[in-house]
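Asker: Here you go, one structure.
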Amino acid sequence: MAFHPLFLQWLPLFLLLLPILCLFILKPKNREKQIPNLPPSPPRLPIIGNLHQLGKAPHQSLWKLSQKYGPIMLLKLGQVPTLVISSSEMAKEVLKTHDHECCSRPPTESLRRISYNFLDVAFSPYSDYWREMRKLCVIELLSSKRVRSFEFVRKQEMARFINFVSEASPNEVNLTKKMFSLADAMVCRIVCGRTYEGKQFEFGSLEDAIHEAMTMMASFSAADSFPYFGWIVDVFTGFHARREKCFHNFDKFYQRMVDEHLDPARPKPEHEDIIDVLIRLLKDQTMAGGLTKDSIKAVLVNVFLAGVDTSSITVVWAMTELSRNPRVMKKLQAEIRNCVGKKGIVEESDIEKLDYLKLVVKETLRLHPPAVLLLPHETMVQCKIGGYDVYPKTRIQVNAWAIHRDPQNWKEPEEFIPERFENSCIDFKGQHFEFLTFGAGRRICPGLVMATTTVEFVLANLVYRFDWQLPSGMKIEDISLEEEGTFTVYRKLPLCLVPIKYNFQ
Ligand code: HEM
């Protein structure tokens, strides 16, 4: 048999490549095997994906969807793949087993702008810079020692607050508004050594500014959902201009605080505030990568956005639940008044002895976690969560609100029963995935000690000095539990109560 010479010339090469060719021929079968096993997804619409299913209270809509599609769901918010986690088991996979793979943050346009191009801690993607900044926060700004050093601020502001309420008594007090002003005064003095009496901003109050920033951060900017053309939509809808106004409103405030501290004529303060610490570190330049004025402002973003709102929201929810549950209120007042006596103020050194107070705060943070969906996480690599394949750059939302109300974890989950924590080791410090108020893993809230110290101290004093009654004509059943908000969720209606001075005789 004769062969074409070209054939004979190529035959050895052909035989050499035959195994590779076989691999190619077999590949379609292998490809079938490699089809990713994606988490269940609710049906989506073209372009907007599942955005229309979020509703006004995304944590509640997502919880309802999870009842149908399970504790791990893959949604598309616009073009952004988003994993929604709704059980403690799945949360453990994300925040412990795969913490390293899942601990970045999505670089959205709003977070980028508000955080001075990710120079902060909370919104900065996972990087060496984030590790350094987080270390700085944990060691220098929010350590237990630093939090204790500001006890005098909390005590003075609380005393002022008690005076105000005493004068108002027996008239109704809008606790929602007043709690915000108290948290504002405490945080301002801790951060910059003085208060601004609500006059920080050109446009509106600190409360308005914080809520606007939260709305911006939680909103789905078209630029994030639709790469390439989304920014044009943001310009036309006015979203871009609104975000710029919000950024500059805060920026002027931070700049003014930093300038005041850099003024050579400023007298040396008796107590170092947070900006003093940051400026000292800026001058030392001990931090790898160096601290800049913008990174100082970015840290201030975190302290104001994370520190003021969350603590006041928690005290208001606690007072709401105590008003709905007179038995718990009486038990708490008896504990505090027996322990503190006629001293006139509960001091932070008393708090250690107040076991029931701690149970009440825990139960409040379970039923009403202010950050209902934590902060968004993002995967850095492909990983398997709950047996499903999850791609890199997938956004992750952990629905803490749903997990805290899951009957698999909690008996009578909708009821306010502080005693459930008696003789129980379950707490919110990141080891128990059924209780995630402060998150867990690498991104757990570094302000946990500051937050719990403030909330316990303020709540203890409120119920120690006053008995609280409902406004005339209002019944316990009328107390609303309706929620509002996106990044943080608060009581929709202001909480108004009537303080009656307690007679210590
Ligand atoms: C009741 C009060 C508070 C609650 C419920 C709360 C809750 C949270 C949650 C859920 C996270 C995200 C965790 C995650 O992504 O997995 C977080 C992060 C953070 N919180 Fe808080 N927080 C509170 C108070 C504070 C305070 C007082 C500060 C500081 C003054 C603070 C500073 C931060 C920072 C800087 C982060 C970002 C951490 C990071 O990404 O590495 N928080 N907080």
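The values are calculated or read from the model by the stated rules, or taken from the named source; none is laboratory data. Because the structure is predicted, anything quoted here is derived from the model rather than measured. Heads up, the Cβs are rebuilt from the backbone with ideal geometry, glycines too, and the neighbour counts pull from every protein chain shown. Accessible surface areas use protein heavy atoms only, side chains included; no ligands, DNA or RNA. Shrake-Rupley method; radii C 1.70, N 1.55, O 1.52, S 1.80 Å.
Asker: Quick check: anything in the stretch 428-435 crowded, with 23+ Cβ neighbours inside 10 Å and near the ligand (Cβ under 10 Å from one of its atoms)?
Answerer: Yes; the residues of the stretch 428-435 include at least one that is crowded, with 23+ Cβ neighbours inside 10 Å and near the ligand (Cβ under 10 Å from one of its atoms).
Asker: Given the criteria more than 14 Å from the ligand (Cβ to nearest atom) and either surrounded by fewer than 17 Cβ atoms within 10 Å (Cβ to Cβ) or of a type in the set (D, E, K, R) (or both), does C425 qualify?
Answerer: Here the answer is yes, as C425 does meet what is asked.
Asker: Now for a separate question. Are there any pairs, at least 6 apart or on different chains, whose C-beta atoms fall under 6 Å, with the first in the stretch 441-458 and farther than 17 Å from Y356 by Cβ and assigned to a helix (DSSP H, G or I) and the second of a type in the set (G, A, S) and more than 6 Å from the ligand (Cβ to nearest atom), and if so, which?
Answerer: Close Cβ pairs (under 6 Å, with a partner that is of a type in the set (G, A, S) and more than 6 Å from the ligand (Cβ to nearest atom)) amount to V449/S144.
Asker: Another question, then. So which residues in the stretch 349-360 are in contact (Cβ under 8 Å) with a residue 12 or more places away in the chain and either in a loop (DSSP other than H, G, I, E, B) or touching a Ser or Thr at 6+ places or on another chain (Cβ under 7 Å) (or both)? Walk me through it before giving the result.
Answerer: To start, the set of residues in the stretch 349-360 that are in contact (Cβ under 8 Å) with a residue 12 or more places away in the chain comprises 350-351, 353-360.
Selection gives K353, L354.
Asker: When you look at M319, is it touching a residue at least 12 places away in the same chain (Cβ under 8 Å), more than 16 Å from the ligand (Cβ to nearest atom), open to solvent by less than 20 Å² (accessible area, probe 1.4 Å) and within 30 Å of A57 (Cβ to Cβ), yes or no?
Answerer: Judged against the criteria, M319 is not a match.
Asker: Output the qualifying pairs, or none if there are none: Cβ atoms under 7 angstrom, residues six or more apart or on different chains, first residue in the stretch 163-192 and of a type in the set (D, E), second residue assigned to a helix (DSSP H, G or I).
Answerer: Taking only residues 6 or more apart or on different chains, the pairs are D184/L206; D184/V308.
Asker: If we scan the stretch 291-308, do we find a residue that is surrounded by fewer than 19 Cβ atoms within 10 Å (Cβ to Cβ), modelled with pLDDT under 90 and under 24 Å from L119 (Cα atoms)?
Answerer: Within the stretch 291-308, the subset surrounded by fewer than 19 Cβ atoms within 10 Å (Cβ to Cβ) is 292-294.
With modelled with pLDDT under 90 added as a condition, the list becomes 292-293.
Remaining after also requiring under 24 Å from L119 (Cα atoms): 292-293.
Yes.
Asker: So R327 ticks every box in (1) on the phi > 0 side of the Ramachandran plot; (2) in a helix (DSSP H, G or I) but one. Which box is left unticked?
Answerer: Just one mismatch for R327, condition (1).
Asker: Please specify each residue of the stretch 397-422 satisfying the condition of being open to solvent by less than 40 Å² (accessible area, probe 1.4 Å) and in a loop (DSSP other than H, G, I, E, B).
Answerer: N399, H404, R405, D406, W410, P413, F416 - these are the residues of the stretch 397-422 that are open to solvent by less than 40 Å² (accessible area, probe 1.4 Å) and in a loop (DSSP other than H, G, I, E, B).
Asker: Identify, by number, the condition in (1) away from the ligand (no atom under 16 Å from the Cβ); (2) in contact with a helix residue (DSSP H, G or I) (Cβ under 8 Å, 6 or more places away or on another chain); (3) not in a helix (DSSP H, G or I) that L65 doesn't meet.
Answerer: Only one criterion in (1) away from the ligand (no atom under 16 Å from the Cβ); (2) in contact with a helix residue (DSSP H, G or I) (Cβ under 8 Å, 6 or more places away or on another chain); (3) not in a helix (DSSP H, G or I) is unmet by L65, namely (3).
Asker: Tell me, please, whether a residue that is over 18 Å from the mean Cα position of the chain (by Cα), more than 12 Å from the ligand (Cβ to nearest atom) and part of a helix (DSSP H, G or I) can be found in the stretch 117-128.
Answerer: Checking the stretch 117-128: at least one residue is over 18 Å from the mean Cα position of the chain (by Cα), more than 12 Å from the ligand (Cβ to nearest atom) and part of a helix (DSSP H, G or I).
Asker: How many residues are surrounded by 20 or more Cβ atoms within 10 Å (Cβ to Cβ), aliphatic (A, V, I, L, M) and more than 9 Å from the ligand (Cβ to nearest atom) if we restrict to the stretch 373-389?
Answerer: Selection size over the stretch 373-389: 1.
Asker: If V303 satisfies all but one of (1) away from the ligand (no atom under 11 Å from the Cβ); (2) within 27 Å of the chain's Cα centre (by Cα), what's the number of the condition it fails?
Answerer: V303 satisfies every listed condition except (1).
Asker: So E101 fits all but one of (1) farther than 20 Å from F433 by Cβ; (2) more than 13 Å from the ligand (Cβ to nearest atom); (3) assigned to a loop (DSSP other than H, G, I, E, B); what number is the exception?
Answerer: Of everything listed in (1) farther than 20 Å from F433 by Cβ; (2) more than 13 Å from the ligand (Cβ to nearest atom); (3) assigned to a loop (DSSP other than H, G, I, E, B), E101 misses just condition (1).
Asker: Between D234, D284, which is farther than 24 Å from E484 by Cα and over 27 Å from the mean Cα position of the chain (by Cα)? Lay out the reasoning, then the answer.
Answerer: Details: D234 fails: over 27 Å from the mean Cα position of the chain (by Cα).
From the options D234, D284, the qualifying one is D284.
Asker: Of the residues that make up the stretch 465-483, is at least one within 16 Å of the ligand (Cβ to nearest atom), open to solvent by 20 Å² or more (accessible area, probe 1.4 Å) and either outside any helix (DSSP H, G or I) or not acidic (D, E) (or both)? Quick ask: steps written out before the conclusion?
Answerer: Initially, the stretch 465-483 is screened for residues within 16 Å of the ligand (Cβ to nearest atom), giving 483.
With the extra rule that they be open to solvent by 20 Å² or more (accessible area, probe 1.4 Å), the set shrinks to 483.
Those left that are additionally either outside any helix (DSSP H, G or I) or not acidic (D, E) (or both): 483.
Yes - at least one qualifying residue is present in the stretch 465-483.
Asker: Moving on. So D208 ticks every box in (1) of a type in the set (D, E, K, R); (2) surrounded by fewer than 21 Cβ atoms within 10 Å (Cβ to Cβ); (3) touching a residue at least 12 places away in the same chain (Cβ under 8 Å) but one. Which box is left unticked?
Answerer: Result: D208 passes all but (3).
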